[in-house]
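Everything on this sheet refers to the single structure shown next.
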Amino acid sequence: MLASACGGGSSESNVTVIIPPASQNNTLTVSTDGSGQGLVTSSPSGINCGNDCSEYYSESTSITLQESAQAGSTFNGWTGAFTGMGECSFDMSRGRSLIANFTINSTPTENDLTVTVTGSGNVTSTPVGSIGSINSSFSLNLPQSI
């Protein structure tokens with residue numbers, strides 16, 4: 001605040017007061033998308049998305065968002081106010097909205113079966129039913145019948 005008195009010797013004074021503009025708060029909104037699951041947290045604290053995905057920050061605040069994929073998922077990138085991979089940093093000079101995309105890992109599970117075939121024949125499974133017709137024979141070293 002700046003105050004100054006002006007006058008030419010009279011008993012009246014003029015006072016000028018200049019008030020600096022108030023700092024503006026802007027909204028940061030984060031969401032998650034995709035087939036997988038994960039969390040997004042912020043530094044400074046505030047965003048913890050799973051639960052808290054929207055916060056107000058002063059326009060002078062520098063934000064860093066960090067993604068963390070949950071087991072069985074992979075982080076697949078940011079869209080919105082920031083695009084790319086990994087942690088992202090920006091200032092809150094304006095409101096921002098970002099989406100963290102998580103996908104399910106496509107690695108084989110313990111229930112996957114791979115059959116390598118030579119020769120000709122049909123492959124069926126019990127109790128599930130037919131696996132499919134093939135034009136070759138195969139051999140398997142499994143403890144269960146197929």
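I need the full set of residues from the stretch 71-105 which are over 14 Å from Leu39 (Cα atoms) and of a type in the set (Asp, Glu), in order please.
Correct list: Asp91 only.
Residues of the stretch 30-47 being of a type outside the set (Gly, Ala, Ser), surrounded by 14 or more Cβ atoms within 10 Å (Cβ to Cβ) and within 11 Å of the chain's Cα centre (by Cα), which ones?
Selection gives Val30, Thr32, Gln37, Leu39, Val40, Thr41.
Tell me, which strands (runs of 3 or more DSSP E) wholly within the stretch 66-146 include 2 or more residues that are more than 30 Å from Ser23 (Cβ to Cβ) and modelled with pLDDT of 70 or more?
Fully inside the stretch 66-146 and qualifying: 73-80, 96-104.
Out of all the residues in the stretch 49-65, which are in a strand (DSSP E or B) and under 23 Å from Asn105 (Cα atoms)? I'd like the intermediate steps shown before the answer.
Within the stretch 49-65, the subset in a strand (DSSP E or B) is 49, 52, 54-58, 62-65.
The answer is Cys49, Leu65.
The values are calculated or read from the model by the stated rules, or taken from the named source; none is laboratory data. All of these numbers come straight from a predicted model, not from anything done at the bench. Methodologically, a virtual Cβ is constructed for each residue, glycine included, from the backbone with ideal geometry; neighbour enumeration extends over all protein chains shown.
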